[in-house]
Amino acid sequence: MGKVPLKVWIISSLLLIGGALCARLYFSSNDAAALRFSPSPRAARRPAVVARTGQRRPAEYTPERQKGGIQLQDRVSDQAARVRAGGVVRGNGGGAGLPVLKQQLPNTILIGVKKGGTRALIEMLALHPNVRSSGQEVHFFDRDYNYENGLEWYKSRMKPSLPGDIVIEKSPAYFVVQEVPERMRADLGDKIKLLLVLRDPVSRVVSDFMQGQHHQMGKMVRVADLTPSQLAAMQRRLEAKVLKADGAVNPSASFIKVGLYAQHLERWLHHFARQQIFITSTNTLVTDPAAVLKQASAFLGLSPFNWDKHIVRVPGVKLPCLSRVKESTGRPELVCLNATKGREHIPLPDALRRKLADFFRPQNALLFSLIGKTFDSWRHDDDQQQVAGGMPEQLDVQLKATDLSSPPQPQQQQWNPEQAKQGKRKTPAALTPVDQEQNEQDPLW
Ligand code: A3P
C-alpha cells in the first residue's frame, strides 16, 4: 500500500466511480436492462409490463378511484393474467402491437332477479377470457345518488377491457325498480344486451327471507339446529312478511313484489326488444350450468369456450363451483360460492306454500306467455318441489337451434386438485371479495 503513491489511488478511484455512473446512466435509458439494476425482481417486473403493453392511465383515472378498487397495478396484473390464461389479444397497444386496456361502459347487464343466482351466473361468465365483470354490484341506474354521478362515474366502476370484450355488471334491483329501463335505454341505447335469471317466485321468497335471517343473526341458519319453537317463530316471521292481517298474500310486500315477473318484464319490453333479453332459470343454472352458459355465449357472441372444464362439482358442496385462474397470481384456484349462497331454507307450512303458489301461478302464466317458454320446475302441484332439485327447464325455443348445433359435451367434471395443480390447498375456498353480499342488498327490495 505504501508503495502506491496517493495520487494514483485517488485517480483510479475517481475513474472507477465515473465508470459506474456512466454505466448506470446508459442502462437506465433501456427499460429491459434497467431491470437488472432493480433491487427486487417483483418491483422490476412492473415497469417492464407497463412499457411493453403501452399501458396508460385512462383519461378518467384519478387517485380517488384507485381507492374504489381499480388500481393501475390491478390492470397490469389483470392483463398479464389474461395473457397467461390464453386471452385473445387484439388491437394496437401503444405501438408495440399489444392491446391497451381501458375502462368502457358496459355492453351487457345482468338485471336480476335478486336471489336468482345472479352472482353465480356473472362469476361463471367471467371465466371466459373476453368477459370483464365489474365484480361488485354497481347500482347505477336504481340509486339516484349513484345515477346523479353520471356516466363517467359509471364507467369508472368497470374493469379495464379490450375493444370487443363483453363488459358486464350485475345489479339485480334493476329488474324491479321502475325508472331503470328508461334510464338504461336513454344512456346505453337499445342495443345493450340484458341477462335475466328467474327463480320460482315461491322459492325466491324463502331465499330472500333466509338471507335476511342470516344477516340479522350474523350467521348461517342451520335448520337442523333450530328447536321446534325457534322454527315455528321463524315461519311466523316469514308469514308476517308476506301475508296481510286477513291471511291473504300481500301484493305490496317487497318479497312478493319482486316475484311479479310479468309486470316487471312488461316494463322492460316497452324499452327493449325481446331479443335483447336473455332469460334463463335458476333451476337450469344449478342443474346444467354449462347449458345455460352455452346459450348465453351464443346470445353474447362469445368465442367457443369449454365451460364444462371450468364449472365443477365438488364433493360435499351442493352447488356447482368454479375452477379458474386467479387474476392476481395467475395460478389456478377453486371457488365455491358457499359462504353466502346455497343457504338452507326453512320448510314452509303447507298452508303458506299453497297460498304463495296460488298467488304466483297466474303471474307465472303471464310471464311464460310473454317469454314463450315455461319453467316446469316452478310447478307446486305437489306443494313440495324445491327449485334446486327439479329437472332442467325446457330450453328457450329461440336459442335451441344454436344449442343443438354444438357438439355433445362431456359430463361435468369433478374437481380434481391434482389436475388443477392447485398446490397445497385441498378444500374449496370461499370466494371472498365478491361473495360477501356487500352491496348486494337493496333496502327497498
Ligand atoms: P340460496 O342461497 O337460496 O340457495 P343471488 O346470487 O342472485 O343472490 O342468488 C343466490 C342463489 O343463487 C342461491 O340461493 C343459490 O341457490 C343460487 N345459485 C345457483 N347456482 C349457484 C352456484 N353455482 N353457486 C352458488 N349459488 C348458486
Matching residues in segment 336-354 (in a loop (DSSP other than H, G, I, E, B) and either at pLDDT 95 or above or more than 15 Å from the ligand (Cβ to nearest atom) (or both)) number 5
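Criterion first (surrounded by fewer than 22 Cβ atoms within 10 Å (Cβ to Cβ), at pLDDT below 95 and of a type outside the set (G, A, S)) does N306 satisfy it?
Details: surrounded by fewer than 22 Cβ atoms within 10 Å (Cβ to Cβ): yes; at pLDDT below 95: no; of a type outside the set (G, A, S): yes.
Spelling it out, it is not the case that N306 is surrounded by fewer than 22 Cβ atoms within 10 Å (Cβ to Cβ), at pLDDT below 95 and of a type outside the set (G, A, S).
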Over segment 310-335, the set of residues near the ligand (Cβ under 10 Å from one of its atoms), crowded, with 17+ Cβ neighbours inside 10 Å and outside any strand (DSSP E or B) is V317, L319, P320
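Residue by residue, here is whether (1) within 16 Å of the ligand (Cβ to nearest atom); (2) closer than 19 Å to I277 by Cβ; (3) touching a strand residue (DSSP E or B) at 6+ places or on another chain (Cβ under 6 Å) holds:
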| site | (1), (2), (3) |
| --- | --- |
| G135 | yes, no, no |
| D142 | yes, yes, no |
| A186 | no, yes, no |
| V205 | yes, no, no |
| K219 | yes, no, no |
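Per-residue answers, yes or no, for (1) more than 33 Å from the chain's Cα centre (by Cα); (2) at pLDDT below 95; (3) surrounded by 14 or more Cβ atoms within 10 Å (Cβ to Cβ):
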position	(1), (2), (3)
R236	yes, no, no
S252	no, no, no
F255	no, no, yes
L260	no, no, yes
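Quick check, is G212 of a type outside the set (A, V, I, L, M, F, W, C) and at positive phi? Before the answer, list the steps.
Working: of a type outside the set (A, V, I, L, M, F, W, C): yes; at positive phi: no.
When the stated conditions are applied, G212 does not pass them.
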Across (1) over 22 Å from V113 (Cα atoms); (2) surrounded by 17 or more Cβ atoms within 10 Å (Cβ to Cβ), H264 clears everything bar (1)
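The values are calculated or read from the model by the stated rules, or taken from the named source; none is laboratory data. Source: prediction; values computed, not measured. Note: ideal-geometry Cβ built from the backbone for every residue, glycine included; neighbour counts use all protein chains shown.
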